[in-house]
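Colleague: Before I ask anything, here is the structure I am working with.
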Amino acid sequence: DSLRDVDVLLHAAGAIHVHRTADWYRINTDGTLHLARAARAAGVRRFVFISSNAAGGRCESAAQVLTESDLAKPLSHYGRSKWLAEQGLAAMQRDGEFDVVILRPSMFYGPPVPERHVDVYRRILAGRMPMVGDGRYRRSITYIDNLVQATRLAMTHPDARGEVFYVVDEPVYTTRRITESMASALAVPLRLLRLPAVVGPAAYVADRALASIGFYWQNLHLLGESHWHVALSCEKIKRRLGYQPRVEIDEGMRRAVEWCRQHGRF
């Protein structure tokens, strides 16, 4: 009944960090498809799914920039849970009159700032920010206002039907550049806890081993991805829907820090 007379449904709920790997599939895959089936049965015209760049995987080299036409290679249970939801939604669209639009934002940031990001700011303030290797790993990020713009386009634009779009800021940054911007917004010098580059691959192996027995440890998982290049292109959504990422990193970080201070987070 709650879906009656609904034209467009935006599904942005999901689990990022869990205790057991099965929770990703229960929530991100099964939960999404259950909701989509109910939406289709209720006559919802368009289903917009906030997926993740993790469904596409990572770059094979520092020179590569991933596009929607690249073969998806999710490397984590989280990414695979999102990719399986994408596949199920695509099948539902092929089977009937049901528009599906899939957005794959990268790590998004900005107000309201989640606690896991507040913790990173606190680490920088305390001079305890870890950095694996030289930090020159390419990373796309998405400011929240840019994601909202893309979401509105996905909900309303006729050319969005049946498409998958990466949603990211421009340009592609690096891990170090992102950290430097955070320190600048906090008005503190960047002091790093330097970790050898080998720590990233070693953590990834350990993370996969833990996942094989059904468990997940957030810090180990994040460390295991710290050496990845994840550079993404937003050319498709710019060309097809008119998306324009208007907020760049330094302004976005300034707004995020201002929100944290206004709300007493540090």
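The values are calculated or read from the model by the stated rules, or taken from the named source; none is laboratory data. Being a predicted model, the structure only gives us computed values, none of them experimental. In this analysis, Cβ positions are derived from the backbone assuming ideal geometry, glycine residues included, and neighbour counts consider all displayed protein chains. Side chains included, ligands, DNA and RNA excluded: accessible areas come from the protein's heavy atoms. Shrake-Rupley method; radii C 1.70, N 1.55, O 1.52, S 1.80 Å.
Colleague: Considering amide H positions built from the backbone, and no H for Pro or chain starts, which residues 5 or more places from Val167, or on another chain, come under 5 Å of its amide H?
Modeller: Arg104, Ser106
Colleague: Right, next: Of the peptides 144-153, 65-74, 253-262, how do they stack up when ordered by the mean number of other Cβ atoms within 10 Å, highest first?
Modeller: Answer by packing, highest mean first, reads 144-153, 253-262, 65-74.
Colleague: Follow-up. Rounded to the nearest 20 debye, what is the charge dipole size of the chain about its Cα centre when +1 sits on each Lys and Arg Cβ and -1 on each Asp and Glu Cβ?
Modeller: 540 debye
Colleague: Same structure, new question: Please state the relative contact order of the chain as a whole percent: Cα pairs under 8 Å, 6+ residues apart?
Modeller: 24 percent
Colleague: If you split all Cα-Cα distances of the stretch 1-131 into 5 Å bins from zero, what percentages do you get per bin, shortest first?
Modeller: It works out to 2, 9, 17, 18, 17, 16, 11, 5, 3, 2, 1, 0, in whole percents.
Colleague: Let me ask something additional. Put a dot 7 Å past each Cα toward the Cβ at Ala206 and Glu251; how far apart are the dots in nm?
Modeller: 4.1 nm
Colleague: Distance between the C-alpha centers of the stretch 227-266 and the stretch 91-117? Whole Å please.
Modeller: Rounded to whole Å, the Cα centres lie 15 Å apart.
Colleague: In Å², and per residue, what accessible area does the chain have when probed at 1.4 Å with the other protein chains present?
Modeller: Normalised by residue count, the accessible surface of the chain is 48 Å².
Colleague: Find how much the distance from Gln64 to Arg161 grows on full extension, using 0.36 nm per residue of separation minus their present alpha carbon separation; answer in nm with one decimal.
Modeller: Contour length minus the Cα-Cα distance gives 32.2 nm.
Colleague: Taking N as the number of residues in the stretch 61-143, what is its Cα Rg relative to 2.2 N^0.38 Å?
Modeller: Against the empirical 2.2 N^0.38 Å value, I get 1.48 for the stretch 61-143.
Colleague: Counting C-alpha atoms alone, how compact is the stretch 127-229: give Rg to one decimal and Dmax as a whole number, in angstrom.
Modeller: Reported Rg and Dmax, both Å: 17.4, 49.
Colleague: Could I ask something else about it? Obtain the radius of gyration and the Kirkwood radius of the stretch 69-212 from its C-alpha atoms and give Rg over Rh.
Modeller: Result: Rg/Rh = 1.03.
Colleague: Can you tell me the Rg and Dmax of the stretch 216-266, counting just the alpha carbons, in angstroms?
Modeller: In order Rg, Dmax, the Cα atoms of the stretch 216-266 give 16.4, 41 Å.
Colleague: For an R0 of 45 angstrom, estimate the FRET efficiency from the Cβ-Cβ distance between Ala38 and Leu193 and round to the nearest 0.05.
Modeller: 0.40
Colleague: Can you list, bin by bin at 10 Å, the percent of alpha carbon pairs in the chain, starting at 0?
Modeller: Once binned at 10 Å, the Cα pair distances of the chain give 7, 28, 35, 23, 7, 1.
Colleague: How large a share of the accessible area of the chain, in percent, is made up of carbon and sulfur atoms when the probe is 1.4 Å and the other protein chains stay in place?
Modeller: 53 percent
Colleague: If you don't mind, another one. Run lengths n ≥ 4 of DSSP H only: what is the helix-derived mean residue ellipticity at 222 nm for the chain, with -39500 (n - 2.57) per run over all residues, to the nearest 500?
Modeller: -13000 deg cm²/dmol, from helical runs alone.
Colleague: Which of rounded, prolate, oblate describes the stretch 120-172, given a ≥ b ≥ c as roots of the alpha-carbon gyration tensor eigenvalues and a/c under 1.5 marking rounded, otherwise prolate only if a/b is larger than b/c?
Modeller: Prolate, since a/c reaches 1.5 and a/b exceeds b/c.
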